[in-house]
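Below is one structure; the comments refer to it alone.
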Amino acid sequence: MKGIYVVGHDITDLKIAQDALAARESQLRAIMDGVPAPVAYIDRDELCHYVNRTFLQFFGLTPEQVSQLRFRDIVGHGIYQSAQAMLTRALEGESTSFDRLIPGANGVRRWMTIRIVPDASASGEVHGAFVLMNDIHGLKQAQEALRASEAELRLIMDNVPARVSYIDRDYRYRFLNRHNEEWLGETHQNLTGRPMSEVVGEERFLQLQPLLDRVLRGETVSTELLLPQPSGHAQWEAIHYAPNRDGEGNVIGIYAVHTDVHDQKNNEEALRRANWMLSSHISNTPLAVLEWDRDLKLVRWSPQAQNIFGWSSEEVLGMPLTDNPLLHEDDTESIVGLVGRLMTGLEPRATGLTRNYRKDGNTIWCEWYHSALLGDDGQVVSILSFVQEVSSRIQAEERLQYMATRDALTGLPNRLLLQERLTQAIAQARRSGRRVGVLFIDLDRFKNVNDTLGHRIGDELLKHVTQALSGALRETDLLARLGGDEFMVIVEDFDDPQVLGRIAQKLLDAIAQPFNIEEHDIYVTSSIGISVYPDDSDDPEELLKHADVAMYRSKELGRNTFQFLDANLAERRVKQHSLETALRGALSSGALKLYYQPVVRITDRAIVGAEALLRWSDPDHGNVPPTVFIPVAEESGLIHALGEWVLQTAATQCVTWRKAGLPLNISVNLSAKQFYREDLAQRISDIVRGVGCEPSWIELEVTETSLMHDLDAIRKVLHQLRDEGFTVAIDDFGTGYSSLTHLKHFPIDTLKIDISFIADLETDPGDAAITEAIIGLARGLGLKVVAEGVGTREQLEFLDVRGCHCFQGYWVSKPLPADSFVEFVTKKPH
């Protein structure tokens with residue numbers, strides 16, 4: 001044996017060639033060099049004894065280089081190590097083969113099937129091995145492409161939003177995608193090859209079999225069926241079956257696609273019903289329904305639209321939005337702009353109130369409700385408009401607006417419109433640098449007209465005064481009535497405030513003339529207060545208040561005159577506002593306190609009751625007397641909340657004392673302003689009873705002067721209070737000069753003699769006489785009489801001798817806090 005010849009394809013030929021090697025060596029080498037695959041012969045030491053020309057070309061080697069190299073050096077150590085086991089087996093007498101990606105010359109890498117055939121003698125001894133390398137690179141690439149294609153196809157099928165399968169002619173599954181696996185709850189490995197009837201159930205298969213048979217006959221079938229599901233419920237599915245044909249056109253299987261359309265079916269049914277309901281509503285709704293397409297052409301016109309506007313659908317369908325007989329020329333621009341914004345998608349819906357024309361030429365008011373209808377792509381496809389005629393409502397609103405801003409008696413602007421106009425006037429004056437004047441007019445002693453001639457004559461007088469004031473003003477001036485006998489004038493566009501003085505004097509003169517009403521010559525005068533923007537304030541509400549303050553100054557100076565707001569008035573107003581703010585805070589924070597002054601029976605010096613007196617100590621204003629803060633509360637309207645707090649606190653204290661064994665009554669003062677509430681008696685009763693106090697334990701004190709404000713109204717409230725069980729006292733009696741005739745008709749239980757008479761009782765014979773007369777008057781009317789401000793023994797003895805029932809004053813005790821009052825009462829000897 002001289003060496004090894006490597007044969008590429010047919011080993012049998014190689015064996016024969018070996019046997020004839022000596023004779024045909026040169027011929028064999030020529031043959032091997034013509035083999036298009038690398039061929040080598042290696043000995044047991046893996047040295048290459050022979051390689052063909054293709055081998056040299058692939059690896060880029062010369063015969064001399066090859067003779068010095070081992071096989072591992074040629075193919076690379078990495079490949080050698082991975083194939084070493086197969087090489088060892090070949091050198092032990094076993095033929096082996098394996099596939100490897102072999103690196104060649106110039107960076108070329110090719111997949112090769114490497115077959116190693118042992119070179120064994122007849123005795124079985126292995127001398128070496130033939131290495132045949134068959135290029136399978138193209139096959140490997142095709143296999144890899146096929147695997148990638150199959151994986152890609154399954155990936156695609158698994159992501160198709162439907163259940164995709166392939167069924168053969170025997171109704172067996174050959175392919176199922178992921179959605180089928182999820183639907184059935186099994187993997188495709190477990191499902192492939194199984195009959196449909198077994199996989200989906202006999203009932204479902206029997207429903208599908210007629211369709212499958214049609215496909216096997218060559219049809220393509222698309223339909224929708226309500227089919228049983230693995231869950232047991234029936235659901236709608238869209239089905240598409242298509243035949244798979246072989247090269248000769250024979251049907252060999254079925255491509256099946258099932259899509260769940262159950263929700264879609266339900267939605268279609270809901271949509272069908274909604275469309276039916278919409279059509280019914282459109283036909284029967286009292287609203288007109290119009291629709292405009294993307295070109296702003298009218299494409300829908302409901303029967304009610306014809307009823308509202310008068311045109312038939314044939315007359316208006318297709319007309320453009322920008323040029324149609326419906327729209328009023330003054331509103332066309334706004335409605336076109338609104339619909340344009342809807343079309344751009346900037347606004348999904350909008351409402352509008354416009355004037356429109358009817359076919360008969362009449363103008364009507366219509367309220368429009370527009371909605372942008374969107375297509376599947378989110379773009380606006382049309383505008384749907386619902387329309388109702390609101391002409392009657394607009395007329396009613398205009399009437400209500402007029403009534404809300406006008407005084408019912410005189411037709412003048414009321415407070416609401418006055419404040420609006422004053423705000424506008426200030427804004428305009430701020431831009432122009434001009435002034436605005438506010439004149440507050442109050443008729444002097446107008447109440448006397450109502451009391452003597454009646455309210456009907458009083459109302460006629462107000463109308464005549466309105467005409468007189470209007471005649472004295474410029475057309476640009478605004479005259480308003482605030483209520484009662486109060487009027488207000490706004491004067492604009494002037495520089496010198498003295499202009500306002502001249503206007504005020506003209507108004508005074510206009511009112512001072514006699515007014516003849518139903519054969520009565522009525523003379524009235526007025527007091528006028530003036531404030532100026534921006535001199536006095538730039539706030540509308542403040543200007544009105546300042547004019548009010550100046551008006552009261554006019555009354556203080558004798559009436560029938562006018563006064564500008566001066567610094568002192570403004571300062572007093574600021575202080576009053578500060579007090580009002582602080583008083584509100586004190587009421588809400590619990591800073592107010594009630595003190596109690598004993599009421600003593602003169603005959604036995606027993607304490608029979610107490611008068612509740614309100615006290616207020618403020619961090620900024622100090623101890624504020626009631627004579628200061630009560631008028632502030634009355635003017636600001638805070639008196640109602642303040643009075644209710646005093647009443648509730650006193651009633652609660654009364655209940656506490658009685659439970660502790662002190663059967664005392666408590667007197668509580670009422671302000672004249674509180675009588676303006678129609679429900680005063682009921683409110684007082686609810687508050688007192690609400691804390692468990694009996695009305696008979698509370699005496700309500702009313703000043704004598706307050707009785708004279710509105711005799712009938714106050715008499716009515718006092719009777720109501722008496723009916724509820726309260727007793728009533730007249731406080732400060734003797735200071736109000738009330739008529740004894742009026743006094744006789746009031747439901748009164750007690751007269752309280754004012755402290756001003758008691759203070760000088762010992763030195764002033766006049767005060768002594770008045771006090772004696774009041775005691776006699778009270779006893780004559782069957783009333784209890786209480787003297788206030790008793791400070792000496794002599795005063796007390798004077799009252800005792802003349803039959804005064806009770807007294808209060810420093811002779812017994814000053815007003816005390818509740819706990820100190822109890823201590824005083826319990827320790828005082830009887």
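Structure notes:
- Farthest toward the positive end of the dipole of the chain, out of SER391, VAL632, ALA129, is the Cα of ALA129, where the dipole comes from beta carbon charges about the Cα centre.
- At 0.692 mPa s and 37 °C, Stokes D of segment 192-338 from Kirkwood alpha-carbon radius, µm² per second: 159 µm²/s
- Residues GLN424 and ALA591, FRET efficiency given R0 of 30 Å [Cβ-Cβ distance, rounded to 0.05]: 0.15
- Placing ASP377, ASP535, ASP618 in order of accessible area, with the largest value first and a 1.4 Å probe, yields ASP377, ASP535, ASP618.
- In the full protein context, the chain carries 51 Å² of accessible surface per residue, based on a 1.4 Å probe and ignoring ligands, DNA and RNA.
- The Kirkwood hydrodynamic radius of segment 172-256, based on inverse pair distances between different Cα atoms, is 13.7 Å.
- Label point 7 Å beyond Cα of GLU269 along Cβ direction - residues of segment 221-254 with amide nitrogen under 18 Å: 224-229, 232-239
- Using only alpha carbons, segment 365-521 has a radius of gyration to Kirkwood radius ratio (Rg to Rh) of 1.23.
- Equivalent ellipsoid dimensions for segment 573-622 as semi-axes, Å, which come from the Cα gyration tensor, largest first: 34, 11, 8
- The convex hull drawn around the Cα atoms of segment 340-458, when projected onto a plane and averaged over every direction, covers 14.5 nm².
- Here the Kirkwood formula, the inverse mean of 1/r across different C-alpha pairs, assigns the chain a hydrodynamic radius of 40.9 Å.
- Computed over segment 600-681, the percent of Cα pairs more than 19 Å apart is 51.
- Gained length - GLU203 relative to ALA234, 0.36 nm times residue gap less alpha-carbon distance: 10.0 nm
- Ordered from largest to smallest accessible area (heavy atoms of protein chains, 1.4 Å probe), the residues THR792, THR466 come out as THR792, THR466.
- Based on the Stokes-Einstein relation at 10 °C and a viscosity of 1.306 mPa s, and on the Kirkwood radius from alpha carbon pairs, segment 276-379 is assigned a translational diffusion coefficient of 110 µm²/s.
- Nearest-20 debye value, segment 542-693 charge dipole, Cβ charges on Lys, Arg, Asp, Glu: 420 debye
- Rounded to the nearest 10 degrees, the angle from helix 455-472 to the longest Cα principal axis of the chain is 70 degrees.
- Distance in nm between pseudo-label sites at GLN189 and LEU374 (7 Å out along the Cβ direction from Cα): 4.7 nm
- For GluC sites (Glu not before Pro), the sites in segment 455-533 that DSSP calls loop and that have at most 16 other Cβ atoms within 10 Å are GLU475, GLU518, GLU519.
- Given R0 = 41 Å, the distance between the Cβ atoms of SER696 and THR792 translates into a calculated FRET efficiency of 0.80.
- Within the accessible area of the chain (1.4 Å probe), percent carbon and sulfur: 50 percent
- Extending 7 Å from Cα along the Cβ direction at TYR676 and again at ARG355 yields two label points whose distance is 4.2 nm.
- For segment 600-617, backbone nitrogen atoms closer than 12 Å to the point 7 Å from VAL801 Cα along Cα-to-C-beta are found at no residue.
- Multiplying the residue separation of HIS520 and GLN65 by 0.36 nm and subtracting their alpha-carbon distance yields 148.8 nm.
- Residues VAL336 and GLU541, FRET efficiency given R0 of 51 Å [Cβ-Cβ distance, rounded to 0.05]: 0.75
- Assuming charge only on the beta carbon of Lys and Arg (+1) and of Asp and Glu (-1), the dipole of the chain about its Cα centre is about 1580 debye to the nearest 20.
- Across segment 504-643, counting alpha-carbon atoms alone, Rg and Dmax equal 21.5, 66 Å.
The values are calculated or read from the model by the stated rules, or taken from the named source; none is laboratory data. The model shown is predicted, which means the values in this text are computed figures rather than measured ones. Positions of Cβ are generated from backbone atoms using ideal geometry, with glycine treated the same way; all protein chains shown enter the neighbour counts. Surface areas here come from the heavy atoms of the whole protein model, side chains and all, with no ligands, DNA or RNA. Shrake-Rupley method; radii C 1.70, N 1.55, O 1.52, S 1.80 Å.
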